[in-house]
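Shown next, in structure tokens, is the structure this report addresses.
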Amino acid sequence: MLCVGMRNWFIIFVFFIIELFSPDDPDFGSSDVNQDGQKGLFDRTTQTTFISLDDPDDAYSNACQKGEYGIYPSCTSCPKGSYADEAGDKHSCRLCPPGTYGIVVGAQAMGISTDTDGSLLAPGCLPCADGEASAAWGATACAACADGEVCGPLAATAARGGVKHAENKVTHAWELLTTDDFIGRLDIAGKTYRVNIEYFQVICLAIMFTGFGLLGVVAYSLKHRIPASFKTKIKNQLKKLDKFATDHMAFGGGEDEEEQLPEGSVFGGFLTFSAILVAVLICGLYIYTYFYFNVDVFNSFVPSDQDFYGPIECGLTVKLQFHGYSGCVGDALQSGGSPVVEVSQINGETSYNCNQGSLEVNFNTSQPQTLTQGPSFMVELNPDCPSCVENTTTGVKSCEDCLVTSVSYIEWEISGLAIFEGDDNSVSGQTAPYKTDEVLRGSDSTSVEITLIPTYYKNDIDSIENTGYRVQFSDYDLGDSTSFLLNTTHASRDNETSLIDSEFVGEDVENKVEFKLQLPLFSLRLDIWVTNRVSWLDNYGIIGGLIALIFALALSVMHKFESLWYNPDHPSRKALRRAQTA
């Protein structure tokens with residue numbers, strides 16, 4: 001009975017299997033599709049995906065893994081200076097970009113990567129250290145820079161002009177207009193000197209008195225060669241010219257004897273001639289400065305009222321330099337290293353180029369234009385590193401090389417239209433990481449704010465009115481920077497070496513540098529007013545005072561010399577007599 005029972009159970013099981021997978025069953029065994037559009041299990045072709053235990057991304061049982069290239073089963077580890085960050089058959093590995101070098105065989109990523117067991121794998125590309133550079137793709141070592149050259153971290157080219165690590169600074173080329181800005185020119189010995197009003201007057205007076213003194217020395221040295229008749233004629237003319245005849249000092253005579261007033265003297269005539277000459281020269285100099293230096297300048301901030309001066313036209317020139325940009329090798333821009341430049345609220349022409357390892361981005365307004373709000377500029381250095389492209393026929397992948405983005409420091413210069421003649425309306429500066437072993441790199445952008453100050457200029461002397469925007473530095477914000485401190489140890493795949501690396505290409509650091517330049521409009525207006533300092537009536541009074549002062553000084557000098565010459569009781573004459581007696 002037991003055998004019969006077991007046999008019956010076996011027959012039942014076989015019958016169940018036949019019924020379940022019978023070709024006549026439309027849901028399981030039929031070669032035709034059932035009412036749901038599905039085929040039976042016996043007729044279905046099933047593909048099974050084998051997951052690699054050591055690499056979850058390896059979805060192929062017969063393909064090269066990460067860190068390898070070639071066609072399975074002839075897979076080859078990526079040589080030093082390259083890496084493969086995708087699994088699958090590949091024509092080649094990706095090369096380490098300029099500014100880096102690789103010493104790991106079979107690297108699975110450009111930077112730090114994580115193995116399937118959670119351990120860190122050695123980076124395929126390391127940054128060139130400070131003082132070294134690598135301009136080639138796939139380098140296995142960085143070359144030391146020559147003497148006099150400066151190469152920062154991750155350098156592809158020596159810094160232009162030997163520029164060392166920059167510090168944050170700002171320089172304004174313009175200053176508030178002052179009276180001293182109205183300068184004169186002096187041509188001396190074929191050279192032109194520019195001086196302000198005070199120096200101009202001092203130099204002219206010095207030249208004047210020096211020439212007057214030289215004339216006197218020449219006349220004294222030639223007195224023995226002048227004929228006596230000519231001397232007599234000159235003396236008579238000087239006596240007639242003496243305007244101080246009634247002011248000469250007379251000595252002698254008693255109390256009851258009336259002193260006789262001297263007639264005109266040669267000395268008095270000489271002083272009169274000298275006073276007249278000096279007065280003419282000084283007054284002439286004053287009149288000259290009145291015409292060319294009679295200015296007063298006022299600078300003030302007032303509430304901005306556009307109805308007062310009308311719309312202001314703005315013209316801007318922006319020059320940005322990204323020093324140490326790894327996407328520039330010398331003067332050549334590498335593939336994928338082109339910047340993305342966005343300009344808003346203003347129209348103009350934008351251009352960029354590489355210059356000795358520095359990326360230069362230039363913007364220029366084609367013509368002045370009015371602004372409704374402050375313009376802004378954004379430069380993004382974020383090279384696209386595309387995934388490997390698989391050939392649909394052969395299944396073999398092609399992998400493009402990828403740049404690593406970093407900038408040592410950013411130099412910027414913004415220039416506006418000149419407000420007045422000779423105005424240098426510009427501001428420049430540098431924005432750099434605080435430490436010398438850091439570079440700008442990461443998702444957070446570096447920004448600089450330059451305020452546009454509405455400016456109204458009025459010159460009453462030359463009848464000139466003008467408006468414009470004065471550029472004024474306001475603030476800056478330093479974005480993400482990456483340190484190059486060597487603080488992490490990684491073991492290489494072949495256990496032949498170990499690496500000490502920074503985390504500049506870590507998985508959490510975005511391969512990006514972004515710079516923003518914002519130019520908001522200031523709420524106040526700067527007024528610059530140039531007007532006359534004194535009027536003609538004031539000028540008459542000053543000239544009269546100068547003439548009176550010069551003649552009073554001449555009279556004082558005459559009295560001093562006459563008292564010394566004629567007065568026998570003068571202390572100076574007594575001292576001279578005692579010296580002669582001794």
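Working carefully through the options GLY395, GLY315, GLY348, find the one that is of a type outside the set (A, V, I, L, M) and modelled with pLDDT under 90.
GLY395
Just to check your reading of the model, which residue among SER92, SER82 is among the hydroxyl-bearing types (Ser, Thr, Tyr), within 17 Å of SER398 (Cβ to Cβ) and crowded, with 24+ Cβ neighbours inside 10 Å?
Unique residue meeting the criteria: SER82.
All but one of (1) within 30 Å of VAL534 (Cβ to Cβ); (2) in the same structural domain as LEU553 (by TED's automatic domain parsing); (3) modelled with pLDDT under 80 hold for LYS235; state the number of the condition that does not hold.
Failing condition for LYS235: (1).
For the stretch 181-190, does any single residue satisfy the condition of being exposed (fewer than 12 other Cβ atoms within 10 Å of the Cβ), more than 17 Å from TYR288 (Cβ to Cβ) and at pLDDT below 75?
Within the stretch 181-190, one or more residues are exposed (fewer than 12 other Cβ atoms within 10 Å of the Cβ), more than 17 Å from TYR288 (Cβ to Cβ) and at pLDDT below 75.
Restricting attention to the stretch 401-453, and to residues there that are among the aliphatic types (A, V, I, L, M) and assigned to a loop (DSSP other than H, G, I, E, B), which single residue is surrounded by the fewest Cβ atoms within 10 Å (Cβ to Cβ)?
ALA418
Is there any pair with a first residue in the stretch 535-559 that is buried (at least 16 other Cβ atoms within 10 Å of the Cβ) and a second that is among the aromatic types (Phe, Trp, Tyr) and not in a helix (DSSP H, G or I) whose Cβ atoms are under 7 Å apart and which are 6 or more apart or on different chains, and what are they?
Listed pairs, sorted by first residue: LEU555/PHE244; MET558/PHE244.
Only residues that are more than 13 Å from CYS388 (Cβ to Cβ) and either part of a strand (DSSP E or B) or among the aromatic types (Phe, Trp, Tyr) (or both): list them for the stretch 69-79, please.
GLY70, ILE71, TYR72, SER74, CYS75, THR76, SER77
Are there any pairs, at least 6 apart or on different chains, whose C-beta atoms fall under 9 Å, with the first in the stretch 271-291 and at pLDDT below 80 and the second of a type in the set (A, V, I, L, M) and outside any helix (DSSP H, G or I), and if so, which?
Final answer for the pair search is TYR290/VAL534.
Can you find a residue that is in contact with a Lys or Arg (Cβ under 7 Å, 6 or more places away or on another chain), β-branched (Val, Ile, Thr), buried (at least 21 other Cβ atoms within 10 Å of the Cβ) and in contact (Cβ under 8 Å) with a residue 24 or more places away in the chain anywhere in the stretch 110-124?
No, the stretch 110-124 has no match at all.
For the stretch 357-386, which positions are among the small types (Gly, Ala, Ser) and under 18 Å from the mean Cα position of the chain (by Cα)?
GLY357, SER358, SER376
Since GLN65 meets every condition but one in (1) surrounded by fewer than 24 Cβ atoms within 10 Å (Cβ to Cβ); (2) within 41 Å of the chain's Cα centre (by Cα), which condition does it not meet?
Single failed check for GLN65: (2).
Tell me, which residue of the stretch 465-485 that is crowded, with 20+ Cβ neighbours inside 10 Å and aromatic (Phe, Trp, Tyr) is nearest to CYS314 (Cα to Cα)?
TYR469
With the condition kept exactly as written, say whether any residue in the stretch 315-338 is in contact with a helix residue (DSSP H, G or I) (Cβ under 8 Å, 6 or more places away or on another chain), buried (at least 16 other Cβ atoms within 10 Å of the Cβ), farther than 21 Å from LEU95 by Cβ and not aliphatic (A, V, I, L, M).
Yes, some residue in the stretch 315-338 is in contact with a helix residue (DSSP H, G or I) (Cβ under 8 Å, 6 or more places away or on another chain), buried (at least 16 other Cβ atoms within 10 Å of the Cβ), farther than 21 Å from LEU95 by Cβ and not aliphatic (A, V, I, L, M).
So GLY327 ticks every box in (1) within 19 Å of GLU514 (Cα to Cα); (2) touching a strand residue (DSSP E or B) at 6+ places or on another chain (Cβ under 6 Å) but one. Which box is left unticked?
The one condition GLY327 does not meet is (2).
Got a number for residues in the stretch 378-400 being free of Cβ contacts under 8 Å to residues at least 40 places away in the same chain, in a loop (DSSP other than H, G, I, E, B) and in contact with a strand residue (DSSP E or B) (Cβ under 6 Å, 6 or more places away or on another chain)?
Residues that pass the stated criteria total 0.
Quick one: how many residues across the stretch 438-457 are in contact with an Asp or Glu (Cβ under 6 Å, 6 or more places away or on another chain) and either of a type outside the set (Gly, Ala, Ser) or under 22 Å from VAL318 (Cα atoms) (or both)?
Counting residues in the stretch 438-457 that are in contact with an Asp or Glu (Cβ under 6 Å, 6 or more places away or on another chain) and either of a type outside the set (Gly, Ala, Ser) or under 22 Å from VAL318 (Cα atoms) (or both) gives 5.
The values are calculated or read from the model by the stated rules, or taken from the named source; none is laboratory data. All values reported here derive from a predicted model rather than from experimental measurement. Virtual Cβ from ideal backbone geometry, glycine too; neighbours counted across all protein chains shown.
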